[in-house]
Amino acid sequence: MDKSNENNQKQEQKTPANKTPRARKPNPYRQNNKPNPNKKASPKQEVNGNVKEKEGEKDRKPNPNNPHKKPNPNNRANTNKANPHKKPNPNAKTNQNRSNNRSNKPHGGGNRNKRKNVTTVNDAMRASMEENARVKDATMNPWKQIDISAQAKIRFTPLGGLGEIGGNMAVLETETTAIIIDVGMSFPDETMHGVDILVPDFSYLHTLKDKKVFVIITHGHEDHIGAMPYLFKELKFPIYATPLALAMIENKFNEHGLKADTKYFNFVTLRKQYQIGDLKIEWMHNTHSIIDACSLAIETEAGTIIHTADFKVDHTPVDNYTMDLHRYAYYGARGVLCLFSDSTNSHNPGFTKSEKVVGKTFDTLFNLAKGRVIMSTFSSNVHRIFQAMERAVTHGRKICVIGRSMERNIETNRALGFVDIPDKHFIEVHEVPKYADHEILVVTTGSQGETMAALNRMATDEHRHIKLKPSDTVIISASAIPGNEASVSGLMNKLIKAGVTVRYKEFADIHVSGHAAQEEQKLILRLIQPKFFLPVHGEYNHIAKHAKTAVECGVDERNILLMSDGDQIELSTKYLKKVKTVKSGKTYIDNQNNMTIENDVVLDRQKLAEDGIINVVAQISQSNQKIIGKPVITTHGLVAEKELKKFQKDIELLIETLLLNMKPEALKNHKDIENDIRNTIRKHVIRTKKRYPLIIPTIFIV
Ligand SMILES: [Zn+2]
């Protein structure tokens with residue numbers, strides 16, 4: 001009996017989202033490939049187990065086609081057990097040919113004769129088929145090797161990166177160990193005034209005190225390491241990552257005055273297992289839009305967990321180091337308890353194109369360019385930048401790198417040997433005028449239309465060194481990250497106004513994604529064929545789509561959970577369930593001073609921006625419950641200048657009426673009066689203007 005089925009039934013009761021699991025079409029991988037008794041045999045279904053069963057009875061009679069064959073006494077008792085001593089019957093095929101030949105003869109009709117004409121399934125063939133069915137079942141369900149008597153429980157808590165794109169952070173825990181997988185930042189929306197970046201709420205991490213805690217980094221993208229300095233200002237743990245990711249974290253630590261914290265660094269080597277607390281972790285090389293990106297294989301007492309992290313399956317990456325699919329296959333074949341996989345592009349059918357196709361586009365664009373080429377992309381996409389630089393070298397162009405993050409990333413990647421281009425090809429920005437226009441490639445930041453970035457400053461003629469000319473070609477080798485569409489469009493407007501040739505989306509392969517599309521997601525699902533599946537990295541619609549793809553690839557839908565940030569999932573060999581919700585959210589950061597902005601400050605800014613402000617300053621006489629003199633009423637962002645007088649009069653009347661109706665003892669506390677005045681004004685403004693301004697009364701009682 002399939003024990004996992006039993007477990008799934010138990011789980012079913014705990015998971016109300018799956019109300020009618022039994023009504024689903026049966027999953028062939030859960031059935032142990034047992035014959036279907038409802039299925040009718042037909043001459044074409046010789047390989048169907050049902051025919052096999054019937055023919056089996058017949059076969060106990062001597063087989064006229066194979067007189068050497070003896071009936072197999074094990075035949076019925078052991079449908080699924082293979083006879084290891086049995087060899088395939090070399091005559092089987094000949095028999096089949098013979099019967100096919102005979103069936104062409106128009107000899108006499110009864111059922112009995114017809115049956116003779118179909119392939120005779122003999123014992124050897126049956127044994128082979130049974131063994132193949134068993135092997136196929138084992139191949140398609142390698143997780144059945146997991147020892148389900150293991151009592152260990154794993155908890156997984158995403159604290160960022162679900163219900164959003166970016167800001168990835170999650171905690172995986174055993175009884176004694178906790179690993180924080182990635183510590184990423186994300187970007188604010190347009191309502192978060194003055195906020196530059198968002199970092200995940202670290203509250204939950206403070207509760208892990210009793211465990212051994214480690215930080216595990218998959219790759220160096222901002223949405224995976226960007227919040228590291230903010231974490232280390234609160235809590236410090238040993239960090240494990242590949243060299244480039246750690247070098248990028250080091251740059252951040254230096255910027256934030258955390259130089260000493262590089263002592264927490266542990267450089268990992270690929271294809272090696274690290275004992276981290278009571279977990280064994282291997283970093284597996286993958287392909288993504290940054291060098292040195294990895295997936296994780298985490299061995300726990302409950303079984304192996306594979307976390308793809310961000311990936312695509314690029315068979316022709318720029319550095320020729322493809323994703324380590326062999327390690328995926330290795331772990332998959334041994335049986336994986338749970339797979340976490342990147343859902344960013346789960347709506348995209350097919351395969352994501354190889355990074356190399358961008359190089360081909362660059363060939364075309366460099367051939368077309370008459371003057372300077374100015375190329376902008378994400379500063380972390382070093383393979384993209386490298387491909388542009390290679391073209392510059394072939395076309396005899398000097399390379400000038402502009403923009404703080406771009407300069408720093410190129411420097412780091414050159415130091416690590418990832419960008420192998422000699423010094424003589426690089427020039428400083430002040431040297432650009434020394435060369436003819438067709439001898440220049442500028443590589444710069446600002447592909448997202450960031451106002452402070454070099455490209456935007458060039459477009460608005462504010463850049464100290466680079467003044468755009470109509471002969472310039474500007475290549476924007478990126479797509480707008482969701483939320484940045486308007487600023488990218490704004491940048492395009494400025495560049496086109498400046499008269500340059502802009503190369504953007506009209507060349508389809510000017511940019512390719514770094515994330516897996518459906519066929520790549522399927523490849524990983526099939527290589528791992530896990531018992532449980534947790535789609536990660538993406539908004540709800542992305543993970544829901546990825547879950548559908550997983551079901552198509554044989555994962556039981558009852559073994560998939562769609563998570564949100566703050567959900568805590570418990571995972572054992574037998575079940576997967578949500579156990580509680582922990583505090584999650586975002587902390588606002590002002591990049592000018594690298595400081596936190598409190599929530600109420602951001603809320604006030606939102607109010608001010610959307611609904612304006614009303615200030616009331618008044619002196620009140622306690623004896624006659626009247627305003628002394630005239631109150632000072634000012635307002636911004638709410639009423640037009642020409643309506644101001646009337647508005648002030650209305651407010652004044654409201655306050656007067658309120659005061660006269662108050663009980664004398666209520667007039668003792670100025671805070672209470674301020675509250676009453678605030679409420680009265682609020683009601684009036686909602687009624688007359690449908691707005692919710694910030695209202696600040698200041699009352700003096702005389
Ligand atoms: Zn990434």
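The values are calculated or read from the model by the stated rules, or taken from the named source; none is laboratory data. Note that the structure is predicted; figures quoted are calculated from it, not measured. Using ideal geometry, Cβ is built from the backbone for each residue, glycine included, and neighbour counts are taken over all protein chains shown. Protein only, heavy atoms only, side chains kept; ligands, DNA and RNA dropped before computing areas. Shrake-Rupley method; radii C 1.70, N 1.55, O 1.52, S 1.80 Å.
Numbers for the structure displayed
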quantity: Average accessible surface area per residue within segment 273-375, 1.4 Å rolling probe, Å²; calculated: 33
quantity: FRET efficiency estimate (nearest 0.05) - Cβ-Cβ, I686 to D189, R0 22 angstrom; calculated: 0.30
quantity: Part-to-part distance (alpha-carbon centres) for segment 455-532 and segment 262-288, which is given in Å; calculated: 32
quantity: Ranked by how many other beta carbons lie within 10 Å on average, peptides 582-589, 331-338 from highest; calculated: 331-338, 582-589
quantity: Heavy-atom accessible surface of segment 496-538: percent carbon and sulfur, 1.4 Å; calculated: 53
quantity: Placed amide H near H463: partners under 5 Å, 5+ positions off or other chain; calculated: M458
quantity: FRET E, pair R334, R526, Förster distance 22 Å, beta-carbon r, rounded to 0.05; calculated: 0.90
quantity: Accessible heavy-atom area order of E190, E643, E173, highest first, probe of 1.4 Å; calculated: E190, E643, E173
quantity: Accessible area per residue in Å² at 1.4 Å probe, computed on segment 417-508; calculated: 51
quantity: Exposure ranking of R391, R271 by accessible area [1.4 Å probe, largest first]; calculated: R271, R391
quantity: Residue-level accessible surface for S203, protein heavy atoms, 1.4 Å, Å²; calculated: 40
quantity: Segment 222-318: C-alpha gyration tensor shape, a/c 1.5 cut-off, then a/b vs b/c; calculated: oblate
quantity: Surface accessible to a 1.4 Å probe, K671 within the full protein complex, Å²; calculated: 120
quantity: Antiparallel DSSP beta bridges within segment 582-702, as percent of all bridges there, nearest 5; calculated: 60
quantity: Relative intensity, log₁₀ I(q)/I(0), of segment 328-368 from a Debye sum that treats every alpha carbon as a point, q = 0.16, 0.23, 0.29, 0.32 Å⁻¹; calculated: -0.70, -0.88, -0.95, -1.00
quantity: Ordering of 140-151, 277-288 by burial proxy (mean other Cβ atoms within 10 Å per residue, highest first); calculated: 277-288, 140-151
quantity: Potential extension, K671-R414 segment - 0.36 nm per residue separation minus Cα distance; calculated: 86.2 nm
quantity: Nearest-10 value in Å² for the accessible area of H636, using the 1.4 Å probe; calculated: 120
quantity: Computed lengthening from H347 to K259, 0.36 nm per intervening residue step minus Cα-Cα distance; calculated: 27.5 nm
quantity: Tail weight of P(r) past 13 Å, computed on alpha-carbon pairs of segment 507-557, percent; calculated: 60
quantity: Accessible area per residue in Å² at 1.4 Å probe, computed on segment 513-592; calculated: 33
quantity: Rounded Å value of the spacing that divides the Cα centres of segment 538-575 and segment 200-250; calculated: 25
quantity: Furthest towards positive pole of dipole, H315, S289, L337, structure part segment 279-343, Cβ charges; calculated: L337
quantity: Accessible-area composition of segment 155-275, carbon plus sulfur, in percent [1.4 Å probe]; calculated: 52
quantity: Mean shadow area of segment 525-626, taken as a quarter of the surface of its Cα convex hull (nm²); calculated: 13.7
quantity: Cα gyration tensor shape of segment 457-576, rounded if a/c is under 1.5, else prolate or oblate by comparing a/b with b/c; calculated: prolate
quantity: Distant-in-sequence amide H partners of H288 (H built 1.01 Å from N, under 5 Å); calculated: K312
quantity: Alpha-carbon centroid distance for the pair segment 306-367 / segment 611-667, whole angstrom; calculated: 65
quantity: Accessible-area ranking of H515, H193, largest first, probe 1.4 Å; calculated: H193, H515
quantity: Loop sites in segment 505-594: GluC sites (Glu not before Pro), DSSP, at most 11 other Cβ within 10 Å; calculated: E506
quantity: Within the accessible area of segment 635-702 (1.4 Å probe), percent carbon and sulfur; calculated: 55
quantity: Gained length - E598 relative to K467, 0.36 nm times residue gap less alpha-carbon distance; calculated: 43.2 nm
quantity: R0 of 35 Å, Cβ-Cβ distance D147-L562: FRET efficiency to nearest 0.05; calculated: 0.80
